[in-house]
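Data first, discussion second: the structure below is written as structure tokens.
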Amino acid sequence: MSFSKPSTVARLNDVILGCFGRVKPSETLDHLVRFLGTWSGSDKLFMVAQYVIKLVVPFLRLRARLQHRAGLRLEPTSCSADGYAKLDSLLGDSRTLWRFWGLLPIFQWLISLERNPQPTRNLHVIERLQGWAMLAYYPLEHLSYLGSHGILPSTIKNPLSIVSKRKFINLDPSVLGLWSCRFWAVYVFLQFAHLHEDRQLLQLRQKALRKAKGTGLTPSEKQELAQRWDAWWSEVVVNLGYLPLTIHWSLKQGLFKDDIWIAAFGLVAGVTSFRSGWRATAPPSSSSAVPTSTSTSGKTDGTGPSEPTGYDVSS
């Protein structure tokens, strides 16, 4: 029996190292890479993971206590819960760190806002206020984060000490975090006004199409309206999820005594936001692609830079 050694090596090379040649290209994989390759997309994924963990950890600890009482466990603690809790802390810390360049897309959004006409004057004013709220939110969050990690001192010299009696400025991370979240809460409340304007514009669009056609809407027009209404409702759900979180983190004593509520509302906002971002980054030819905003304003829902993801000052 004779064989060519080089050809055998080449065949083994193709079989082993070239095994991915048998895997068909995947549109889902392409979509996943495209979505998670963005700052917003990866943050949405980690947000969902973080709030799922926040829900799982209390369950694991409760199970450990019940098993201990029943004599099925030596200790009333769960190593898995402790490990997941550490991952939760790491995810929250990482997400805050990754937002350090969050001001850049806010600047980009505000510049674009003044150069592109808005559908209504009200929307223009609302988005201006939202943008300025974010200009306060991000620096305060950054200072709070750096202070909580001991990178910034707790007090700094007042640059206006020459004309002011106050010689030093106190940089309390918890206070900075509270004010950061209060500006985020302002954004969220303004978003409800934004959604009200968006709803009126969608209703006018729907009436105009029906009046122009007379005989009914075409399938493409029905699909367009359905997609826009889907995007609008998604924004409503996301905002309803963020609302109690922003109020909770804006109060010194908080709003909830049980962190399970934080996890529940956060998961609702995270899953809905991930869904919107996923559909917004779908290929244009895909029937699942939806408009990234329910109005023609500069803000986007799917991967837009204007929506902060919050900062847990209680951690």
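The values are calculated or read from the model by the stated rules, or taken from the named source; none is laboratory data. Keep in mind the model is a prediction, meaning the values are calculated, not measured. Counting neighbours? That spans all protein chains shown, and the Cβs are built from the backbone with ideal geometry, glycine included. Side chains included, ligands, DNA and RNA excluded: accessible areas come from the protein's heavy atoms. Shrake-Rupley method; radii C 1.70, N 1.55, O 1.52, S 1.80 Å.
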Pick out the long, greasy-scoring helices in the chain: whole DSSP H runs spanning 20 Å or more along their own axis by Cα, mean Kyte-Doolittle at least 0.5. 260-280
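Regarding region 80-165, what whole-number volume in Å³ per residue does the convex hull of its Cα atoms give? Before the final figure, lay out the partial values.
Working: hull volume 15.4 nm³, N = 86.
That works out to 179 Å³ per residue.
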Counting only protein heavy atoms and using a 1.4 Å probe, what share of the accessible area of the chain belongs to carbon plus sulfur, as a whole percent? 64 percent
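For region 133-254, with only Lys/Arg (+1) and Asp/Glu (-1) charged at the beta-carbon, what is the dipole magnitude about the Cα centre, in debye rounded to 20? Numbers along the way, then the final one.
Working: 14 positive and 8 negative charges, 77 e Å.
In debye, rounded to 20, region 133-254 gives about 380.
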Figure the gain on full extension for Lys24 and Asp82 (residue separation times 0.36 nm, minus the Cα-Cα span) and round it to one decimal in nm. 16.9 nm
If you work out log10 I(q)/I(0) by the Debye sum over Cα atoms at q = 0.10, 0.13 Å⁻¹ from the coordinates, which of [x] -0.73, -1.03; [y] -0.55, -0.97; [z] -0.62, -0.93 do you get? [x]
Please work out the average accessible area per residue across region 1-129, using the 1.4 Å probe convention, and give it in Å². 69 Å²
Between Leu217 and residues 5 or more places away or on another chain, which pairs have amide H atoms under 5 Å apart, with H built 1.01 Å from N, and which residues are they? none
